[in-house]
Structure formats: structure tokens, C-alpha cells
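First the structure, in the form of C-alpha cells, and then the observations on it.
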Amino acid sequence: MKTNTPWQETKRGQGGRAVLKQKALSRLTEINVFVLLLGILAVCVLFTYLIPAGEYARIDVNGRSVVQADSFQYTASSPIGFMGFLNSIHTGMVDSASIMFFVLIIGGSYGILSATGAMEAFIYSLTKKLGNKEKWLIPSMMLFFAAGGSLIGMFEETLPYIAILVPLCVALGFDAMTGAAIVLVGASVGFTSAIMNPFTIGIAQGIAELPPFSGIGFRIGVFVVMYVVAVIFVYRHAMKVKKNPELGIYGFYNRESVRDMFGGNVVFEQRHKLILACFLLNLVTIAVGVIEFGWYITEIAGLFILLGVIVGLIGRLSVNEMVDAFMKGASSLLAGAMIIGVARAIVVVLNDGQIMDTILYYSAAVIQDLPPSLTAVGMLGFQTILSFIIPSGSGMAALTMPIMTPLSELVGITRQTAVLAFQFGDGISNIVIPGIAVAGVGMAGISYLSWIRWLFPLLLMQYGIAVVAVILAHAIGYGPF
């Protein structure tokens, strides 16, 4: 029979009220992202009748299109009709097809990697080895998830590991909050710093016509700072719970019921080690190719296809199993790819209705007297607010970067700084917006409101770091342009 510890009994009533509040919040936020995007698309169609058309002159500078700040002029109105509204969705998907298929290919390759069991075996083996060295468990595991988020955009894929780390942390004398935070906060730090995240920084820089993964040194510095702050925050909580268990939040678990969960014998085999070595080699090859040979998403996608085939063979998957795993991995990102296409439809309507440049002109007029550093911080705030509406980082990049890129030039901010503002606005919010974070803490039996209350001081620190980083990026002319 399952028994409850005293601190669990005292919090049962509070937990019930928190669950009710969480359900009420869910009902307010359960609006499908495609419904929101189509609503925005319809509003933009209406704007083509209300906002005067206009355009800036653009010139080619070293192969990229640059807006001439003093060249704006009004033009003949070109409102979008009903068929234009419908056609824009298909046009948007055609225009963003290369990015959409890039996302699907990477998802498929990751599906093959997951099917080999290498990641699961590595995590299970590492947690067992660190089981008696609990002080190293938090920084080492958070580094793993942060690296995954920063290098390959791993976030949703971390959810299965919560089922391993939460009971392990409870068994070691910590609580469920510690286990959930190791996974979710760790992945969020990586996703936010986005050293080589193909789904956010890769797509945003492509739209901004920046060299792929350029400015990597600055982002590595951000990664280090955010990682250290996050580890200290989680570690301090874990040690407080270790000293006084009544301070913990335990969700579905207690120590007595989890001690027998780690008696299994999952072996981290030689083939698993070889698979992960190939995975790391692939990342190094991509970095060299991007820096030395100017590779972009086509070459990167090709390497991920090759990686999927190689790890599938090493993992002893049949051809049919590899194809099935690829399709499963790709299908898990299908919604995200579709969001990119629908978001692009909004840009199509703004361009075809010839009001994109008018919006830029009005926006620049409003903020032109502000210091550029404050404008960059404003971009960060705008991206943060928008992330609650569009939870897909790649979709938000497709929607906002076509606007933010020329706007950054009009107000004297580098394109790289505008991308950085997008990256922070999208990344930090991932850990609080209803979605993956809610699912993750729910798996541990932690209420969403408890999660937000516990996380709030760390959120303030992360946004503080982001604001300082954006201001610093403007001050140093973070580029190349």
C-alpha cells in the first residue's frame, strides 16, 4: 500500500485547490495556435483596407537586401480579397518550404536516434552512477539537457526523462521539483542560449540573411552565465529540501515508494557509445562546414539524413524500422512545420497588400527618438509577449523576423541583435507558457501554479541577464551586421 509522508499529507488540501486553479487557467489558454494565426491573418487582411500602402527603396549590400531609411513613400492601395486570404496560406507554405522540410528532416533523424535507445541508456547509466554523488547530479544532468537544447533544440524530447529523474531525486532526499527542474530548466537554458539551435537561431538568422550560426562566441558566453545561475538556483533549493524535507514539493512521489525503481539493469552498451560519438561528430562537422564552407540548411539537413542512416545501422535497426522511426520523428514536428507555413502567410498578406513597409515606417517613427539599446529591449519584450500566442520558436521566427530585420536597420540596431532579442523572448518563455512545461510538471504531480511560484525568482534573473545581454550586444555592435 502506498504511504504518504507527513509533508505530503499537509499539502494535499493546498494541492487540490492548486489543481482547480490550474484547470481554470488551462481553459483560458487552450486556444489552438492555428486558430490564433488564422485570426491574425484575417486581421492583417482587414488592415490592407485600413492602412495606406507604402514602400521603402531597398539596395543590395554584399548580397543582402537593405532598407534605405529616408526612401519611404506612399503608393496605390492594394487590398487583399477573400481569395487572396485563402491563397496566402498555400503561398506562405511554398515560400517557407525549405525551412519546413528542414524541420521535418531533423525531426526524422532524431526519431531514428531515439529508436536506437542510446539516449535513454546514457541517461539511465549516468543517473545510476551519480546516485551516490548527489552533489554532482544536478550540475552534470542540467549540463546534458542544456547542451541538448542549445545544440539541437531538444525540449519536448526531454519529457520522458522526467519519469527517471524525478523519482531518483526523491529517493536521494530531494523532491519532485528538483527532478523536474533539472530537466525543464536545463533544457530551457540551452534553448534560450541557442548556440547552434537549428529551430530558432538557424531559422531566424536565415531570414535575417545573416551567416548561419554567426555570433556564436557571444551566445556561448550567454550559455555559461545562464547555466551557472540556473544550477545555483536549483542546487540551493535541493540542499534546503535535503536539510528540511518539509520544504519540498513531492507531487506523486515519496521516498519509500521510489527506492525500488532503480534496481533494473539497463546497460549502456558499446554501440550506444558509438552512436553518441557519431552524433557529436555530426555537430562538429556542421560547425566546421558552416564556418569554413558557408553551409546552410540544405547541407545541414543532408548531414542529419546521413546521421540517421549511420546510427540506425549501428543501432541494428532494419531498413523498415529506420523508415518508421524517421516518419515518427518527423510527424512529431509536423505541427511545428505547419505553423511556419501559416505564419509566413501573414507576411505574404502584409507584402502583397503593400502595408509591411508602412507598418515599419510608423513603428520607426514611434521609437526613433529612443536610444537604440532601449529599442532592442523593447524588441525582447515584444517577442516575449508574442511567444505566449505562438509557442513555436521556428514559427515565431518566420512571423517576426521579416518585420524585425528591416526595423532594426531603421532604428540603428544590428540584425544580429534583433535575432538575439527574438532568441531570448522565445527561449525564456518556453518554461512558463502552457505547453511542454505544464506537461512536464504534470508528469511529476506538481501543479502549474506551484511551478510558476517556485520558478519566479529564476525568471526575473534570466530576463535580467537577457536585458543586459541585448544592451551589451548593441553597445559592441554585435554582428557581423
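The values are calculated or read from the model by the stated rules, or taken from the named source; none is laboratory data. Just so you know, these numbers come straight off a predicted model, no measurement behind them. Backbone-built Cβ (ideal geometry, glycine too); neighbour counts: all protein chains shown. To get the accessible areas, we keep the full protein, side chains included, count just its heavy atoms, and leave off ligands, DNA and RNA. Shrake-Rupley method; radii C 1.70, N 1.55, O 1.52, S 1.80 Å.
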For this session: Count, please, the residues in the range 75-90 that happen to be in a helix (DSSP H, G or I) and either open to solvent by 50 Å² or more (accessible area, probe 1.4 Å) or without any contact (Cβ under 8 Å) to a residue 60 or more places away in the chain (or both).
Result: 5
Exercise. Of the residues 183, 229, which single one is open to solvent by 10 Å² or more (accessible area, probe 1.4 Å), at pLDDT 90 or above and β-branched (Val, Ile, Thr)?
Worked result: 229
For this session: Give the range 152-180 a look and list any residue that's of a type in the set (Val, Ile, Thr) and either open to solvent by 10 Å² or more (accessible area, probe 1.4 Å) or under 17 Å from residue 135 (Cα atoms) (or both), or say none.
Result: 152, 164, 166, 170, 178
Problem set entry | Residues that are surrounded by fewer than 17 Cβ atoms within 10 Å (Cβ to Cβ) and touching a helix residue (DSSP H, G or I) at 6+ places or on another chain (Cβ under 6 Å), drawn from the range 450-464 | 461
Exercise. Among (1) within 23 Å of residue 198 (Cβ to Cβ); (2) crowded, with 19+ Cβ neighbours inside 10 Å; (3) in contact (Cβ under 8 Å) with a residue 24 or more places away in the chain, which single condition is residue 433 missing?
Worked result: (2)
For this session: Report yes if some residue within the range 115-129 is out of contact with any helix residue (DSSP H, G or I) (no Cβ under 9 Å at 6 or more places or on another chain), open to solvent by 10 Å² or more (accessible area, probe 1.4 Å) and farther than 20 Å from residue 454 by Cα; otherwise report no.
Result: yes
For this session: Can you confirm whether the range 331-353 contains a residue that is under 22 Å from residue 274 (Cβ atoms), under 27 Å from the mean Cα position of the chain (by Cα), of a type in the set (A, V, I, L, M, F, W, C) and part of a helix (DSSP H, G or I)?
Result: no
Problem set entry | Residue count, the range 99-137 (criterion: over 21 Å from residue 427 (Cα atoms) and in a helix (DSSP H, G or I)) | 25
Exercise. Which residue pairs have Cβ atoms closer than 8 Å, lie 6 or more positions apart in sequence or on different chains, and pair a first residue in the range 314-339 that is more than 11 Å from residue 109 (Cα to Cα) and open to solvent by 90 Å² or more (accessible area, probe 1.4 Å) with a second residue that is not hydrophobic (A, V, I, L, M, F, W, C) and not in a loop (DSSP other than H, G, I, E, B)?
Worked result: 316/271; 321/312
Problem set entry | Of residues in the range 372-425 being hydroxyl-bearing (Ser, Thr, Tyr) and not in a helix (DSSP H, G or I), the one least open to solvent (accessible area, probe 1.4 Å) | 392
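Kindly indicate whether any position in the range 113-123 is touching a Ser or Thr at 6+ places or on another chain (Cβ under 7 Å) and in contact (Cβ under 8 Å) with a residue 40 or more places away in the chain.
Checked against the condition, which is being touching a Ser or Thr at 6+ places or on another chain (Cβ under 7 Å) and in contact (Cβ under 8 Å) with a residue 40 or more places away in the chain, the range 113-123 yields no hits at all.
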For this session: Kindly indicate whether any position in the range 361-371 is under 25 Å from residue 465 (Cα atoms), open to solvent by 20 Å² or more (accessible area, probe 1.4 Å), of a type outside the set (D, E, K, R) and modelled with pLDDT of 80 or more.
Result: yes
For this session: For the range 8-65, enumerate the residues that are charged (D, E, K, R), surrounded by 13 or more Cβ atoms within 10 Å (Cβ to Cβ) and at pLDDT 65 or above.
Result: 55, 58, 64
For this session: Please enumerate the residues belonging to the range 141-150 that are at pLDDT below 90 and not hydrophobic (A, V, I, L, M, F, W, C).
Result: 148, 149
